[in-house]
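Trainee: Dropping a structure here in structure tokens format, bear with me for questions.
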Amino acid sequence: MGTSRVASPISPRATSRAVMRASAKFLNRELQMLAFNRRVLAQAENESVPLLERLKFLSIVSSNMDEFFEIRVAGLKEQIKLGSSTQTTDGRTPKEVYRLIVSVAHAIVETQYALLNEVVLPRLAEEGIRFIRRAQWNPQQRAWVKDFFFREMMPVLTPIGLDPSHPFPRVFNKSLNFAVELSGRDAFGRDSKRAIVQAPRVLPRVIKLPAEVAEGENDFVFLSSILHAHVGELFSSMEVLGCYQFRVTRNSDLFVDEEEVKNLRLALQGELPQRHLGDSVRLEVADNCSEDMVQFLLTQFDLAESDLYRVNGPVNLVRLMNVPDQVARPDLKFRTFVPGLPKALQKVAKGKDIFDALKKQDILLHHPFESFTPVIEFIQQAARDPSVVAIKQTVYRTGTDSVIMETLIDAASRGKEVTVVVELMARFDEEANLNWASRLEEVGAHVVYGVVGHKTHAKMALIVRRELVDEDSGKHVLRRYVHLGTGNYHPRTARLYTDFGLLTANEAICADVNEVFTQLTGLGKATKLSQVWQSPFTLHAGVISSIEHEIKFAKPAPARRKAVGKAATATLPNAKTSGRIIAKLNSLVEPQVIEALYRASQAGVRIDLIVRGVCALRPGVKGLSDNIRVRSVVGRFLEHTRVMYFGNGGDPVVMLSSADWMERNFFRRIELCFPVNDRKLKRRVIEEGLNAYLSDNTEAWEMDSDGVYTVAAPRSAKQRNAAQENLLLLLADTE
């Protein structure tokens with residue numbers, strides 16, 4: 001396959017060797033996060049991606065950058081404030097990392113807005129999808145905008161003139177605001193030169209013009225344009241000299257002292273309102289903002305020039321995410337599809353019992369190519385089934401509107417024993433989870449909040465059913481059924497994220513899951529599980545042990561071929577004499593696991609790592625990681641599956657997991673890693689979850705030892721091989 005390098009502020013080799021420089025063994029986590037975001041931005045640059053989807057990718061970049069600043073940059077700033085000089089695994093201090101972040105982040109934002117203004121918006125306009133600027137409004141549109149302002153906006157706007165009795169207002173995290181420069185005196189004789197107008201969150205940021213004034217079917221105006229046009233109406237008798245959008249990003253990491261707190265739920269309820277008002281970490285302003293106003297805002301938020309981002313366009317591109325949903329242009333979007341169903345569930349879909357199907361065989365689901373509906377129906381059947389006596393489930397992210405949560409509430413209302421482990425500290429989902437916990441308790445469900453100090457990140461559901469085994473004697477037994485997954489119980493993200501789910505009645509796995517629920521809801525020492533690895537007890541040791549086990553099968557060999565060579569697969573010519581490891585993850589940063597992989601590589605084990613986001617391991621370093629290849633696949637869907645493959649001398653071990661290879665997942669979370677035992681399903685995971693991505697030559701990026709990613713490219717259209725596209729054709733019904 002050939003290769004090409006997408007133009008990038010952080011991809012040229014000369015820049016990367018300075019910016020991405022690392023210690024002998026580790027790359028920097030924060031810089032790798034920005035490198036991932038640059039790969040997402042490349043999707044917006046990609047001419048083969050449908051135009052409205054390119055707009056979405058621009059929005060996703062902004063959303064990712066928001067969280068990066070809210071959490072990672074905020075944490076670095078806290079360390080700098082405390083005077084920390086502790087070096088990260090790559091040998092840098094917080095100040096050094098922050099300086100590099102500033103350089104790379106500014107370059108990404110500059111590229112992002114240039115792409116928006118010079119490519120995406122003009123191309124959309126050619127397709128009749130226009131974002132009409134004030135100077136382009138015709139008389140009818142100006143009249144409609146004026147009416148909209150007085151009818152919808154002015155009643156909910158509160159202009160705040162800044163003077164001794166009106167100090168600078170409390171500006172919420174990521175809210176849209178306008179800084180206004182004024183001259184003249186108001187009705188009270190005040191001559192304040194500045195005012196702040198905060199845009200209420202109830203107002204849409206992008207408004208579609210009605211047909212009677214639009215020149216096409218898809219004409220939009222920005223809320224900011226409407227306010228700019230009529231801001232003078234808020235300051236009668238004064239002259240508006242300038243009006244500028246701005247947005248501040250704040251530290252959004254909640255702090256709850258889990259060692260001191262007596263009631264986590266109450267503590268969290270008290271902490272959530274403060275998230276919107278944490279310390280400032282970034283200021284975004286319109287690029288036409290006057291220097292005087294910029295300095296004023298920086299002073300108000302206690303920020304430096306390096307924290308300032310001037311942008312040519314809306315300060316919050318995340319709000320453009322919903323525009324494609326308002327535009328009926330399927331030719332400018334990804335092809336629609338209907339998720340498929342495994343053969344084992346097709347009879348269930350026709351009214352058969354899912355529990356009968358599970359008695360015969362395990363069932364594997366590969367989302368979003370296959371439907372998430374069977375998972376919902378698994379819980380719904382349990383809620384309705386009079387034979388089901390208990391339902392136990394973990395909840396990490398489900399969303400504010402969840403069929404599964406409503407089903408659990410219904411099951412509890414029917415008198416079933418319902419136990420739900422709700423993770424209150426699921427970042428940015430805390431409020432939704434608190435609300436679900438309250439509703440569940442109201443109907444008599446048992447609600448617990450896991451273990452203090454350890455997030456419950458495992459995705460598991462357990463059904464206990466009383467079943468008749470002997471009609472003559474009337475003998476019944478309690479039989480358990482389990483769902484385990486790599487992703488959340490969230491139907492919407494199940495259409496956007498790639499994940500595996502396993503439905504099983506395997507007695508050993510069900511017993512392990514039951515034991516984990518007992519740990520979470522009760523007290524006592526952890527007992528040894530027979531099939532499942534669990535954080536914080538056995539997962540880390542299990543991974544390292546399995547890596548080291550492969551060394552026994554390794555046959556010393558010459559260094560690996562270059563990353564861009566022929567793709568490797570999980571099928572080996574001589575598996576019994578060749579150590580083999582493949583892992584597909586979201587992140588890889590835990591030092592002990594990385595060291596174990598290095599040792600395996602030096603012993604001759606062939607290792608392929610498919611890491612979507614952050615990878616601190618350096619592949620292809622002579623004498624250290626010659627036999628390790630790292631690639632990242634970024635496409636239509638967010639890669640979220642965690643898969644581990646260990647060759648095991650020709651008898652492969654395949655595991656699925658809720659955990660990435662990060663310190664937090666190994667030691668500060670409740671995570672499960674579970675085997676795929678059925679041979680057919682194991683082969684499916686290998687082919688669909690690993691080989692498909694190892695052979696991708698279209699959406700895959702290969703990492704070199706400096707942390708620089710090169711996008712793969714087929715030599716011709718006929719040789720195009722994109723994992724996600726192929727899996728859609730294989731498993732789903734495309735339209």
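Trainee: For the chain, find the longest principal axis of its Cα atoms and tell me its angle to the long axis of helix 291-300, 0 to 90°, nearest 10.
Mentor: Helix 291-300 sits roughly 50 degrees off the main axis of the chain.
Trainee: Tell me the Kirkwood radius of region 94-205: reciprocal of the mean inverse pair distance over distinct alpha-carbon atoms, in Å. Display every interim value, and only then the final one.
Mentor: Details: mean 1/r = 0.0548 Å⁻¹.
Evaluated on region 94-205, it is 18.2 Å.
Trainee: What FRET efficiency, computed as 1/(1 + (r/R0)^6) with R0 = 22 Å and r the Cβ-Cβ distance, is obtained for A304 and S85, rounded to the nearest 0.05?
Mentor: Numbers: r = 19 Å, r/R0 = 0.89.
According to the calculation, E is roughly 0.65.
Trainee: Can you work out the base-10 log of I(q)/I(0) for region 597-638 at q = 0.15 1/Å, using the Debye formula on its C-alpha atoms alone?
Mentor: Summing over Cα pairs of region 597-638 leads to -0.38.
Trainee: With axes computed from alpha carbons, what is the tilt in degrees of helix 139-148 against the longest principal axis of the chain, rounded to the nearest 10 within 0 to 90?
Mentor: 70 degrees
Trainee: Something else about it: Calculated FRET efficiency, H106 and R201, Cβ-Cβ r, R0 22 Å, to nearest 0.05? Could you put the intermediate results ahead of the total?
Mentor: Details: r = 28 Å, r/R0 = 1.25.
Here the calculated transfer efficiency is 0.20.
Trainee: What number does region 307-399 give for Rg over Rh if you use C-alpha atoms and the Kirkwood radius?
Mentor: Working: Rg = 20.7 Å, Rh = 17.5 Å.
On the Cα set of region 307-399, Rg over Rh gives 1.18.
Trainee: What shape does region 687-732 have by the C-alpha gyration tensor, where a ≥ b ≥ c are the square roots of the eigenvalues, rounded means a/c under 1.5, and otherwise prolate means a/b greater than b/c and oblate the rest?
Mentor: Values: a/c = 3.08, a/b = 1.59, b/c = 1.94.
Oblate is the answer for region 687-732, as a/c is 1.5 or above yet b/c matches or exceeds a/b.
Trainee: Something else about it: Please list, by residue number, everything in region 40-58 whose backbone N is under 19 Å from a paramagnetic label point 7 Å out along Cα→Cβ of A717.
Mentor: 46-51
Trainee: With runs of 4+ DSSP H residues as the only contributors, calculate the mean residue ellipticity of the chain at 222 nm using -39,500 (n - 2.57) per run, divided by the residue total and rounded to the nearest 500. Walk me through the intermediate numbers first.
Mentor: Details: 21 runs with 223 residues, N = 735.
That calculation yields -9000 deg cm²/dmol at 222 nm.
Trainee: Kindly report the accessible area of the chain per residue (heavy atoms of protein chains, probe 1.4 Å, no ligands, DNA or RNA), in Å².
Mentor: Values: 30960 Å² over 735 residues.
Result: 42 Å² per residue.
Trainee: Calculate, axis by axis, the spread of Cα positions in region 615-723 along the three principal axes, and write the results as whole Å, longest axis first.
Mentor: 42, 33, 31
Trainee: For A328 and L729, calculate 0.36 nm times their separation in residues minus their Cα-Cα distance, and state this gained length in nm to one decimal.
Mentor: Values: separation 401, 0.36 × 401 = 144.36 nm, distance 2.40 nm.
Taking A328 through L729 to full extension adds about 142.0 nm, to one decimal.
Trainee: Could you look at region 325-403 and say what percent of its accessible area is carbon and sulfur, using a 1.4 Å probe and all protein chains?
Mentor: Values: 1800 of 3640 Å².
About 49 percent, which is the carbon plus sulfur part of the accessible surface.
Trainee: Give the Rg/Rh ratio for region 288-329, taking Rg as the radius of gyration of the Cα atoms and Rh as the Kirkwood radius, to two decimals. Spell out each step's value before the answer.
Mentor: Working: Rg = 15.4 Å, Rh = 12.7 Å.
Dividing the radius of gyration by the Kirkwood radius yields 1.20.
Trainee: With both partners inside the chain, how many of the DSSP beta bridges are antiparallel, as a percent to the nearest 5?
Mentor: Numbers: 76 of 109 bridges.
Antiparallel bridges make up about 70 percent of those DSSP assigns within the chain.
Trainee: Please give the length that would be gained between D147 and K475 if that part of the chain were fully extended, namely 0.36 nm times their separation in residues minus their C-alpha to C-alpha distance (nm, one decimal).
Mentor: On the way: separation 328, 0.36 × 328 = 118.08 nm, distance 7.43 nm.
Result for the pair: 110.6 nm of gain on full extension.
Trainee: Let me ask something additional. If the viscosity is 1.567 mPa s and the temperature 4 °C, what translational diffusion coefficient in µm²/s does Stokes-Einstein give for the chain when Rh comes from Kirkwood over Cα pairs?
Mentor: 46 µm²/s
Trainee: Based on the Kirkwood radius over alpha-carbon pairs, what value in µm²/s does the Stokes-Einstein equation return for the translational diffusion coefficient of region 405-559 at 20 °C and 1.002 mPa s? If you can, show how the numbers build up before the last one.
Mentor: Values: Rh = 18.3 Å.
Estimated via Stokes-Einstein, D reaches 117 µm²/s.
Trainee: Something else now. With a Cα-only, solvent-free Debye model of region 347-422, what are the log10 I(q)/I(0) values at q = 0.22, 0.23 Å⁻¹?
Mentor: Log-scaled intensity ratios, in q order: -1.16, -1.23.
Trainee: Another question about this same structure. What part of the accessible area of region 668-725, given as a whole %, is carbon or sulfur when the probe is 1.4 angstrom?
Mentor: Numbers: 1050 of 2190 Å².
The nonpolar share, carbon plus sulfur, comes to 48 percent.
Trainee: Here's another thing I want to ask about it. Can you order the peptides 522-529, 102-109 by their average number of other Cβ atoms within 10 Å per residue, highest first?
Mentor: Most protected by this proxy first, the peptides run 102-109, 522-529.
Trainee: What is the spin-label model distance, in nm, from R495 to D253 if the labels are put 7 Å beyond Cα along the C-beta direction?
Mentor: Computed distance between label sites R495 and D253 equals 3.4 nm.
Trainee: Post the alpha-carbon centroid distance, region 627-687 to region 129-169, in whole angstrom.
Mentor: 51 Å
Trainee: How large is the Rg to Rh ratio of region 31-157 when both quantities use alpha carbon positions and Rh follows Kirkwood? Kindly include the intermediate steps, with their values, before the conclusion.
Mentor: Working: Rg = 20.3 Å, Rh = 17.7 Å.
Answer for region 31-157: 1.14.
The values are calculated or read from the model by the stated rules, or taken from the named source; none is laboratory data. Please read these numbers as outputs of a predicted model, since none were measured by experiment. Heads up, the Cβs are rebuilt from the backbone with ideal geometry, glycines too, and the neighbour counts pull from every protein chain shown. For the accessible areas, the whole protein counts, side chains as well, though only heavy atoms, and no ligand, DNA or RNA atoms are used. Shrake-Rupley method; radii C 1.70, N 1.55, O 1.52, S 1.80 Å.
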